[in-house]
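Worksheet for the structure shown next.
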Amino acid sequence: MVGFSEETEMLIEKLVTGHRQLDVISIFGMPGLGKTTLAKRLYDHEAISNRFYIRLWCCSSQSYDKRALLFELLGHICELDDITKEKSDDELAEKLYRYLKGKRYLIVVDDVWSSSAWDDIKRPFPDDDKRSRIILTTRLESIATYAIIDSSPHHLRLFTEEESWMLMKEKVFKEDNYCPQELEDIGKQIAIKCGGLPLAIVLVAGLLAKNDKEVVHWQKVGESLKSKMQGCMDIVESSYQHLPVHLQNCFLYFASFLEGKKVPVQKLIRLWIAENFVEASTISKSLEMVAMDYLMDLLRSNLVMVAKINSSGELKAVHIHDLIHEFSLMKARIGNFLLRINDQLIYIFPSSKGRSGRLDILATSGQNINTLRFLPSVNSPWVDLDLTKSWKHLRVLDLSFVKLHETHVGALQFLI
């Protein structure tokens, strides 16, 4: 396995040292980072296999099934005959508990989505001061924190550019791991475009490996990279569906910012409030404080990442991975949440080809538009804008990146 060598050494140290009590080693991070792959590397490592008398693996998943999970664990240690299959859940848990009792064990619980599922899962695992350990993987920081016994959770990072290229080269060229010189530059560019996400790198490497290893083919793959990552989109979808509705709206709003850009926290919070995404608190919290809670929940979901923190530790900017941005844009279009022009938001992209133009939208009908935002371009355009007549539903107007030539603005709830 390429990458995470330092993380592997550090986590092995946690698994083989420390106090005698049962401990949980949590690995969390955004979808596609390789949490399961890293857990498998630890599980199979010689230092681990030689230390633990019993090693068991189970997958919780989003559609958690307690009985299926008990069968999965028991299947490692005994035959699942008809008698066993007829036992109740409590009897199965008791059977597992008795088998583990008094032994040093390592159990991997992969892909945990809820605290209630974790409470269920951990019940049959005895703590006999034998230095037993559990490895838990999850996308959610809240679950990783909830499961803490002694060791702090480990937040898995993105790959470096060097690790990205090493992984891509290994997957494309297999055993000999040799890349012809003429493919190296374009290969490194493609690897970097994957944004350090191992799953994206592996998917793209699969495409490169299937066809002739020629520069022209690799260039075509690099130019159409986003359209070739459906497997990643499916994985992000499960994280998105796990969000409550109010956080889904806040997440989709990231599609209204340019890909790869840092989003100032204060601006984001003000926009959410203006869009009525933020519900008033019942415990005397300001809307700004509630909105910040929403943002922290999205950070804990690992769909959103920290981009900038000031010297006082205050969160100043956030961002999302390019692949997740593409997902948010796709989801927003499908759900009519955001389009270049639609019933809820009009999105005007000034030219980024080096031309300085003038946008005349005096005659544009905006009667069903809630939000009008302009995005940054190489040359800020001049805009003629009349909001006094047909833009009666407009709530949010963002003119940060334009020059106003002739403007008539009526009463607006939010002008930025």
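The values are calculated or read from the model by the stated rules, or taken from the named source; none is laboratory data. In this text, all values refer to a predicted model and were calculated from it rather than measured experimentally. Every residue, glycine among them, receives a Cβ derived from its backbone with ideal geometry; neighbour counts consider all protein chains shown. Surface accessibility is based on the protein's heavy atoms, side chains included, excluding ligands, DNA and RNA. Shrake-Rupley method; radii C 1.70, N 1.55, O 1.52, S 1.80 Å.
Take the alpha-carbon centre of the range 91-160, take the same for the range 259-289, and report the distance between them in whole Å.
Their Cα centres are 35 Å away from one another.
Using only the Cα atoms of the range 78-135, what are the Rg and Dmax in Å?
Cα-based Rg and Dmax for the range 78-135 come out at 12.6, 34 Å.
How big is the accessible area of S286 in square angstrom, nearest 10, if you roll a 1.4 angstrom probe over the protein chains?
Result for S286: roughly 50 Å² accessible.
Projecting each Cα onto the charge dipole of the range 234-342 (Lys/Arg +1, Asp/Glu -1 at the beta carbon, about the Cα centre), which of V318, L295, C250 comes out farthest on the positive side?
Most positive-ward Cα: V318.
Provide the FRET efficiency to the nearest 0.05 for the K285-V245 pair, computing r from the beta carbons and using R0 = 22 Å.
After rounding, the FRET efficiency stands at 0.65.
Arrange the residues K308, K171 by how much accessible surface each exposes, largest first, with a 1.4 angstrom probe.
K308, K171
Rounded to whole Å and sorted largest first, list the principal axis extents of the Cα atoms in the range 1-80.
Over the range 1-80, Cα extents along the principal axes are 38, 31, 23 Å.
Could you compute the FRET efficiency for D150 and A209, with r as their C-beta to C-beta distance and R0 at 41 Å, rounded to 0.05?
That gives a FRET efficiency of 0.45.
In the range 156-253, what chymotrypsin sites (Phe, Trp or Tyr not before Pro) fall in a loop by DSSP, with at most 14 other Cβ atoms inside 10 Å?
For chymotrypsin sites (Phe, Trp or Tyr not before Pro) across the range 156-253 that sit outside H, G, I, E and B with at most 14 neighbouring Cβ atoms in 10 Å, the list reads Y178.
In whole angstrom, and with the biggest value first, how far do the Cα coordinates of the range 193-299 range along each principal axis?
63, 24, 19
Binned at 5 Å from 0, what are the whole-percent values of the Cα-Cα distance distribution for the range 1-145, short to long?
Each 5 Å bin holds this share of Cα pairs: 2, 9, 20, 22, 21, 15, 8, 2, 1, 0.
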